[in-house]
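Colleague: Have a look at the structure that comes next, please.
Please treat every number below as a calculation from the coordinates, not as lab data. What you are looking at is a predicted structure, and each value in this text was computed from that prediction instead of being measured. In this analysis, Cβ positions are derived from the backbone assuming ideal geometry, glycine residues included, and neighbour counts consider all displayed protein chains.
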Amino acid sequence: MTNLNRREFIKLTAVAMGGIMLPGCGGGGKDTPSSYSFYRIKDNGAVVDPMGESFVIERFYGSTHIASNGIISFDAMDSDRRRGLFQLGIDLDGRRPEIVWERSALLSGETLADGRIVSTCKGYDIDESGNIAAIIEARGDGSEDHYGAGLYLDMEGTGFVPLLIAGQVFNDGTGISSGIFGDLSFVAESVLTVAHHLPKYPDSAYQGHSLLHLPGAALSASKVISTSGEFLPGTDHRISNYGLLDHNGYGDYTAGISARDTGSAEPEHSHFNVGGNIDYPGDLQVMTASAQTAMDASVVSGEGGYGSRVGPQGEAYALLDIEDSMKLTRDNQVILSTGDLLPTGTLAAITTGAVGADGLYYYGSVIEAAGVNNMALYVYDGVAHTPLLSTGDVLSDGGAPVEQILFGTSTKHVDSENRLVLFCSFADGTTSLVLGIPA
């Protein structure tokens, strides 16, 4: 496998990789599965939804989710550069997983129920039942009613309906959606997203980005958690924008934030990871901060972050870039750093991971051993880091050895039974959507 340094690895996860293309507190150990069986589910070049759109996968776009009922969601592109969002129903009761149904949930060029024509899907998340919340960008086609992006919801496969689109009023009636959205998180009909707003009135300066919660997936019940321009608690930094989001079924959330130093003659933007609970919008807490803005000795400093994750007990995992090292933290405590020795070699790079329903944390890595950098998928149980899959391994259904592993591009890589979905490229040049089942 090609040798990669840390920064080259980070760059790798933002571009094509073997047929994959991307869009965009301490505690005791938990019961870690002793081993996994891994199976190919779909390969690039395969047909999806043969009884419907019959879409041929040219490239996977790198995002995949698994619901607790065995529904796998992923996005891909065909040879005509048409993008699609797809779902597969998987039978998990046999000797090996089998696809029992598949559908095209969203395709570029199709017309939605509200008459808008799909340009592309900017991002999406699923809940535990496989329902989909998505940021869908509309194609203009010369109509003033078809511009920008919108937040849409697809429940039980019935098609996408709009929750918040460009031109709609939100933010206590003082702001209008510009059709620009950031990340989103979807749990049990609870939608958390970043929405940009313009002033409703011409003489108003009220515009910016808001962290918006839509309980019951209803705009009428929405409330703003925080808004750009507000001060971060205990700092002289004002919020500029929001990055990656995650929240759990109890309302605990975490978000990356870019904030501007108002106390500096030359204001600089710094990265923070913040958290709180959606039931208490004013109680925003700084968890980690960049080196220029470290709050005290308990706050881990770093130059930037790659997105944080929240677990079932509200525990927050964050990945920070600090000088020439990457550090994985759990509630401000460093639990892993590049240069550490792991069971398969020396850690050279870490990816943002995903938290299971029981609190196990899964993440990807680059491991240096004998002068060669390989990839590995690990799980952390609060005490130990255990390898599950590595470069050179052969999957349970045979075939060429694993070459590269892509994991951590979404929050729902893991379901309630610790089944995993990820992408792998192989030594024979193929790429597959892969399902991991604990033994």
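Colleague: Holding the Cα-Cα limit at 26 Å, pick out from K42/K327; K223/K327; K223/K412 the pairs that are longer than that. Kindly include the intermediate steps, with their values, before the conclusion.
Modeller: Working: K42/K327 33 Å; K223/K327 34 Å; K223/K412 24 Å.
In this structure, K42/K327; K223/K327 lie more than 26 Å apart at Cα.
Colleague: Next up: If amide H atoms are built 1.01 Å from N in the plane of the peptide, which residues on other chains or at least 5 residues away come under 5 Å of the amide H of L245?
Modeller: L184
Colleague: By average Cβ neighbour count within 10 Å, what is the ranking of 400-409, 323-332 from highest down?
Modeller: Working: 400-409: 22.5, 323-332: 18.8.
Packing proxy ranking, top to bottom: 400-409, 323-332.
Colleague: Give the span of the stretch 348-439's Cα atoms along each principal axis, as three whole-Å numbers ordered largest to smallest.
Modeller: 35, 28, 24 Å, listed from the longest principal axis down.
Colleague: May I ask for the net charge around E102, where only other residues with Cβ less than 11 Å from the Cβ of E102 are counted and Lys, Arg are +1 while Asp, Glu are -1? Could the numbers behind the result be given before it?
Modeller: Values: positive: K42, R103; negative: D49, E53.
Charge balance near E102 sits at 0.
Colleague: Okay, moving on. Give me the distance in nm between label points sitting 7 Å out from Cα along the Cα-to-Cβ direction at W101 and D428, one decimal.
Modeller: If labels sit at W101 and D428, their model points lie 3.2 nm apart.
Colleague: I need the P(r) histogram for the stretch 108-227: all alpha carbon pairs, bin width 5 Å from 0 out to the longest distance, whole percents.
Modeller: Per 5 Å bin, starting at zero, the Cα-Cα P(r) for the stretch 108-227 comes out as 2, 12, 23, 24, 20, 13, 5, 1, 0 percent.
Colleague: Once phi is turned into ³J(HN,Hα) by the Karplus curve 6.51 cos²θ - 1.76 cosθ + 1.60 with θ = phi - 60°, what whole-Hz value does each residue of the stretch 220-234 show in order, with x for glycine and proline?
Modeller: 5, 9, 5, 9, 8, 7, 7, 9, 4, x, 6, 6, 6, x, x
Colleague: Okay, next question. Taking 45 Å as R0, compute the FRET efficiency from the Cβ-Cβ separation of S35 and E189 and round it to 0.05. Can you show the working numbers first?
Modeller: Values: r = 35 Å, r/R0 = 0.79.
For S35 and E189, the calculated efficiency is 0.80.
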